[in-house]
Amino acid sequence: MDILIRPAEPTDYDLLGEITAQAYLQDGLLAFGDEDDWYFRELKNVAERAAEADVLVAAADDDRILGGVTYVPSGGPLAELARPGEAEIRMLAVAHEARGQGVGQALVQACIDRASAAGTGLVLCTQPTMHTAHRLYERLGFTRAPERDWHPIPGDDFTLLTYKLTL
Ligand SMILES: CC(C)(COP(=O)(O)OP(=O)(O)OC[C@H]1O[C@@H](n2cnc3c(N)ncnc32)[C@H](O)[C@@H]1OP(=O)(O)O)[C@@H](O)C(=O)NCCC(=O)NCCS
């Protein structure tokens, strides 16, 4: 399958939001587990993140949307853990029916290409159970940065693991 990575258009926002939120919901990746979860609503809101970062989609030959990712350039307001000189990857998701064909890898590679062109490093955080994503990141050269793991929910042990790529 040919996969085209391109900036999300406003007409893609609803579908990409649904793919992203459902990917997390169906994989049991939401902290509170249902559609009332604040993160579910945030994942659906592509328009909001597209206003502050680069949202990329993966499209098939017939322009069907297969998944997407948010690339936060260095200094961008949506960064959660990037330091000066680092861009950040957020909200990577691929629709279930499109998985295992290199779509996720193409999306992450597009972020690497952007960071490389900008002369920055690249960081991301991921949940401990996202094993497919961890293999993908390691295949593309990311390494763990355990000293930068963090707890997003105050008073909760829930940990996000940090990966980084030095370019
Ligand atoms: C993580 C995620 C984005 C990966 O998407 P994907 O499109 O399936 O990723 P890829 O196809 O590039 O890689 C997945 C597997 O398919 C394999 N693959 C890739 N192209 C292939 C092909 N043409 N034929 C057969 N297998 C292939 C890869 O080697 C990889 O194998 P592995 O899991 O054994 O390491 C997807 O699983 C997802 O949306 N998960 C839920 C959300 C999530 O975890 N996001 C990460 C946030 S940090």
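What follows is calculated from the coordinates using simple rules that are stated; it is not laboratory data. The structure displayed is predicted, hence computed values, not measured ones. Using ideal geometry, Cβ is built from the backbone for each residue, glycine included, and neighbour counts are taken over all protein chains shown.
So here's what we get for this one:
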read-out: The stretch 4-119: C-alpha gyration tensor shape, a/c 1.5 cut-off, then a/b vs b/c; value: oblate
read-out: Spacing of the two label points (7 Å from each Cα toward its C-beta) at Gln109 and Thr166, in nm; value: 2.5
read-out: Listed residues Leu56, Leu81, Leu124, most fluctuating in the chain (Gaussian network, C-alpha, under 10 Å); value: Leu81
read-out: Residues Met130, Met91, sorted so that the one with the fewest Cβ neighbours within 10 Å comes first; value: Met130, Met91
read-out: Per DSSP, loop chymotrypsin sites (Phe, Trp or Tyr not before Pro) in the stretch 1-109 with at most 16 further Cβ within 10 Å; value: Phe32
read-out: Model label zone, Arg139; criterion: amide N under 17 Å from point 7 Å along Cα-to-beta-carbon; scope the stretch 102-117; value: 102-113
read-out: Paramagnetic label zone (point 7 Å from Cα along Cα-to-C-beta, Ala31; backbone N under 16 Å) in the stretch 139-158; value: 149-158
read-out: Among Asp54, Asp36, Asp149: highest mean-square fluctuation, GNM of the chain, C-alpha pairs under 10 Å; value: Asp36
read-out: Mean ellipticity per residue at 222 nm, deg cm²/dmol - from DSSP H runs of n ≥ 4 across the chain, formula -39500 (n - 2.57); value: -9000 deg cm²/dmol
read-out: Sites matching trypsin sites (Lys or Arg not before Pro) across the stretch 45-117 that sit in DSSP coil, with at most 16 neighbouring C-beta atoms within 10 Å; value: Arg64, Arg99
read-out: Derived scalar couplings ³J(HN,Hα) [the stretch 150-163; Karplus, 6.51 cos²θ - 1.76 cosθ + 1.60; whole Hz; x for Gly, Pro]; value: 8, 10, x, 9, x, x, 10, 6, 3, 10, 9, 8, 9, 10
